[in-house]
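Q: Have a look at this one before I ask anything.
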Amino acid sequence: MSTLNVVPWVQTYPVFKQATKSGSIPIAVPRSPTFGPFSRFSLPMVSSLKSCPVSSVPFICSVLTREAFTEGAEQDPQNPAFDFESYILQKANSVNQALKAAVPLREPLKIHEAMRYSLLAGGKRVRPILCIAACELVGGRESMAVPAACALEMIHTMSLIHDDMPCMDNDDLRRGKPTNHRVFGEDVAVLAGDALLVYAFEHMAASTVGVTPARIVQAVGEFAKLIGSEGLSAGQVVDVSSEGLSDVGLEHLEFIHLRKTAALLEAALVLGAILGGGSEQELERLRKYARCSGLMFQVVDDILDVTKSSKELGKTAGKDLVAEKVTFPKLMGIEKSREFAEKLRSDAVEQLGCFDAEKATPLIALTNYIAYRQN
């Protein structure tokens, strides 16, 4: 039987280089005259994974995402096409209802209005849906993951509020609406983001049911690490410090986006798996899946930023060019960036090959959705 082996390709990227004896990968943080040398630190990673039989992923061709993706594909009569649209609508509705209940309007009204303004402004809800899908993938129930899914969206919203402010990206449009600081002022926007950051952990710790305290504590610790000074925050500070630099290479760019973008996706998958009762091996496979799909998310985002209008995106198009940021299309060109995104998509899907095929179908569909989205 033929096998899929992603290790040789994965190891060509800086984040996936050979693991140390401790099972972690030493990441050399890029040097720059602007922000100077950083210390080295490790990202947890498995040193090796067994290949998975091709036959263990029978549902890949029957996943419905975009019509262009499935056009001409033969459907297996034994495995009817997965209804991706209904799945997304159902899960997103569960998350939206839970978010509304989690952050009600109460005194002081202004800060809660500001929190709700951005938190409930729509969005694809990719991260919370990934969290729920990962929980169900390892045998858990949706209810176990919903508080964590809400916490992820609170943190994501906080990062957007702060990212849009004049001291960072200075953006006026987010999800088709004026940004938070444009509506409530910079002072309230900072405080609304801070409140969402803190409340995310309170909500996750206090509202998670049907999960052992040990697993809740493990999930909280994992979450904090992935959004802290070695995760999301690290990616953001290096991103801001890199604006206008002319010597930014691919490894530097990957360092930024494996933290700024992929860290929250990794948190979504790993939190869902922890709360659902996943094994250590399952967690590590989902880490690799998250890093491939998270980097792919950013590559696609960079492509859309230079190929779509502000109206199509629901946010300001071309802002990275104006800010003189280095992007994947700027380094690789649009066509090579598309090839890179497709390779990342393929390798993300391969990481799911050793899971139950039917339970993995939603994650495969979400991967394709991220890859082929138009906004």
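Q: For the stretch 255-266, just list the computed ³J(HN,Hα) in residue order, Karplus coefficients 6.51, -1.76 and 1.60, θ = phi - 60°, integers in Hz, with x standing in for Gly and Pro.
A: Whole-Hz 3J(HN,Hα) from phi for the stretch 255-266: 4, 4, 7, 5, 10, 5, 9, 6, 4, 6, 5, 4.
Q: Apply the a/c threshold of 1.5 to the C-alpha gyration tensor of the stretch 100-170 and tell me whether it is rounded, prolate or oblate.
A: On the way: a/c = 3.35, a/b = 1.59, b/c = 2.10.
It comes out oblate by the Cα gyration axes.
Q: Can you tell me how much longer the chain between I334 and T212 gets when fully stretched, taken as 0.36 nm per residue apart minus their C-alpha distance, in nm with one decimal?
A: On the way: separation 122, 0.36 × 122 = 43.92 nm, distance 4.68 nm.
Result for the pair: 39.2 nm of gain on full extension.
Q: Give me the distance in nm between label points sitting 7 Å out from Cα along the Cα-to-Cβ direction at E358 and S241, one decimal.
A: The modelled label-to-label distance comes out at 5.0 nm.
Q: Please turn the phi angles of the stretch 267-274 into ³J(HN,Hα) values with the Karplus equation 6.51 cos²θ - 1.76 cosθ + 1.60 (θ = phi - 60°), one per residue in order, whole Hz, x for glycine and proline.
A: Rounded to whole hertz, the list is 4, 4, 5, 6, 4, x, 5, 4.
Q: Here is a follow-up. Ordered by residue, what ³J(HN,Hα) values in Hz, to whole numbers, does the stretch 184-199 give under the Karplus form 6.51 cos²θ - 1.76 cosθ + 1.60, where θ = phi - 60° and Gly and Pro are x?
A: 10, x, 5, 5, 5, 4, 4, 5, 5, x, 4, 5, 5, 4, 6, 5
Q: To continue, here is another question. On full extension of the chain, what length is gained from A121 through S229, given 0.36 nm per residue of separation minus the C-alpha to C-alpha distance? Numbers along the way, then the final one.
A: Values: separation 108, 0.36 × 108 = 38.88 nm, distance 2.75 nm.
Roughly 36.1 nm would be gained on extension.
Q: What is the set of long-range amide H partners of L173 at a cut-off below 5 Å, with H atoms built 1.01 Å from backbone N?
A: Answer set, sorted by chain and number: T179, T316.
Coordinate-derived values only; no laboratory data. Given the structure is predicted, the values throughout are model-derived calculations rather than measurements. In this analysis, Cβ positions are derived from the backbone assuming ideal geometry, glycine residues included, and neighbour counts consider all displayed protein chains.
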